[in-house]
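Visitor: The structure is given below, and queries will be raised subsequently.
Derivation of every value follows stated rules applied to the coordinates shown; laboratory data play no part. These figures come from a predicted structure and were not determined experimentally. So basically every Cβ, Gly included, is an ideal-geometry build from the backbone, and we count neighbours across all protein chains shown.
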């Protein structure tokens, strides 16, 4: 359970008594880049305001942000989107669109400071526009300039530089966000190759990132493959199959090399992550005897990738600044069997990429109703209520190292 973890978003399922109705175009179809947008009303906002069609809006550039309140990265992007809209007031309109129920969005806004401060229109209970622009992941940004779709992108591309390009040229060239790519992962990357081999290439157009295997029982072979993965996740996937790993957030990744940009995305230096991925992602496959167990296959892949990429990797203890949870020596708060053990609480806390690694040194096995996780001071105060201390200290913890 505690191997390399990734957080998932969950879709809300609450109900609302009254549903808005909109005028719909007679023929429902997917709208593509270069086409004019339909004349449907955009929808009803969380405040109950109706937004008409795109042609009725005074702004020449409209960006539709398909999102929901369960998407943490969507919420985190709102301050940036608000700033971009304000800096282009009168020329740019950004509208968030969600299919979630109004009461779900209202409940979330009541307890989330970022969403509470949001000034963008937030349309709820959408049943129309998501069908014109189908997607499987959010945020899904649709750029409409003078009534025509000019781009469909990831959220990171909505910045002043790209907005200026639209105003200057009327078009922009982005990697298109397409959630319905068709790629046959069952076909070897190195076609017509037989027997035992390994193959490394770069980013493959038209494919999602994927880690998997294909077993050929007749030939008694297994093809292990990695498609469109950044170098660090590619290695961690292999290491995670050989030993139990903590959540390898950025603070646990040590790049002891001069070409750090090749391994770690840094927005200030690297620009847009999607473009960076296309430049530095790798695709790899290796054919093994089926009798070779998974651990030995993965160790072989690690050594082979090191050779092909010109690097050396290992998991070793490094001294890192951590949040450390300890027993204070007294129990203050009342335990609750419906609550959470401190070990599980620390584990979930550590999954937050924006926080330092969390080390639990408590021996307490009771369960508590923990609260107050917004910042270090508040969390420290909350844990103290139950007899725990929270400190910031350097600790020797497992890290992934590339040399």
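Visitor: Return an integer: the convex hull volume of the alpha-carbon atoms of the chain, in Å³ per residue. Before the final figure, lay out the partial values.
Guide: Details: hull volume 78.3 nm³, N = 403.
Per-residue hull volume (Cα only) is 194 Å³.
Visitor: Continuing with the same structure: By per-residue mean of other Cβ atoms within 10 Å, what is the highest-first order of 348-358, 193-203? Please list the in-between numbers first.
Guide: On the way: 348-358: 16.5, 193-203: 13.2.
Per-residue mean Cβ counts within 10 Å order the peptides as 348-358, 193-203.
Visitor: Looking at the chain only, what percent of DSSP beta bridges run antiparallel? Nearest 5 please. Write down the numbers at each step before the final one.
Guide: Details: 51 of 66 bridges.
DSSP beta bridges in the chain are roughly 75 percent antiparallel.
Visitor: Now for a different question. Between 258, 174, 108, which gets the highest mean-square fluctuation from a Gaussian network model of the chain, Cα cutoff 10 Å?
Guide: Ranking 258, 174, 108 by mean-square fluctuation puts 258 first.
Visitor: Moving to a separate point now. Taking every pair of alpha-carbon atoms in the stretch 262-372, give the share separated by more than 17 Å as a whole percent. Mind dumping the intermediate values first?
Guide: Numbers: 4486 of 6105 pairs.
That tail contains 73 percent of the Cα-Cα pairs.
Visitor: Now for a different question. As an exercise, take the mean of 1/r over every pair of distinct alpha carbons in the stretch 317-402, invert it, and state the Kirkwood radius in angstroms. It would help to have the intermediate numbers written out before the result.
Guide: On the way: mean 1/r = 0.0751 Å⁻¹.
About 13.3 Å for the stretch 317-402.
Visitor: In Å and on Cα atoms, what radius of gyration and Dmax does the stretch 43-169 show?
Guide: 13.6, 41
Visitor: Still on this structure: What number, rounded to the nearest 500 deg cm²/dmol, is the helix-based mean residue ellipticity at 222 nm of the chain, given -39500 (n - 2.57) per DSSP H run of at least four residues and division by all its residues?
Guide: Details: 11 runs with 100 residues, N = 403.
After summing the helix terms and dividing by residue count, I get -7000 deg cm²/dmol.
Visitor: Could you give me D for the stretch 198-311, from Stokes-Einstein at 4 °C and 1.567 mPa s, where the hydrodynamic radius is the Kirkwood radius over C-alpha pairs? Units µm² s⁻¹, please.
Guide: Numbers: Rh = 15.2 Å.
Estimated diffusion coefficient is 85 µm²/s.
Visitor: For the stretch 43-169, what proportion of DSSP beta bridges, expressed in % and rounded to the nearest 5, is antiparallel?
Guide: Within the stretch 43-169, antiparallel bridges account for around 60 percent of the total.
Visitor: Please report, largest first and rounded to whole Å, the three semi-axes of the ellipsoid equivalent to the stretch 132-197, where each semi-axis is the square root of five times an eigenvalue of the C-alpha gyration tensor.
Guide: Working: eigenvalues 250, 40, 22 Å².
Those come to 35, 14, 10 Å.
Visitor: Still on this model: How do the peptides 153-161, 273-281, 48-56 rank, highest first, by the average count of neighbouring beta carbon atoms within 10 Å per residue? Show your work: numbers first, answer last.
Guide: Numbers: 153-161: 18.1, 273-281: 16.3, 48-56: 13.8.
My ranking of the peptides, most packed first, is 153-161, 273-281, 48-56.
Visitor: Please state, rounded to one decimal and in Å, the Kirkwood hydrodynamic radius that the stretch 227-281 gives when every pair of distinct Cα atoms enters the mean of 1/r. Mind dumping the intermediate values first?
Guide: Values: mean 1/r = 0.0815 Å⁻¹.
Across the stretch 227-281, the inverse of the average 1/r is 12.3 Å.
Visitor: Do you know the relative contact order of the chain, to the nearest whole percent, from alpha carbon pairs under 8 angstrom that are 6+ apart? Intermediate values should be presented prior to the final figure.
Guide: Working: 697 pairs, mean separation 57.7, N = 403.
For the chain, the relative contact order is 14 percent.
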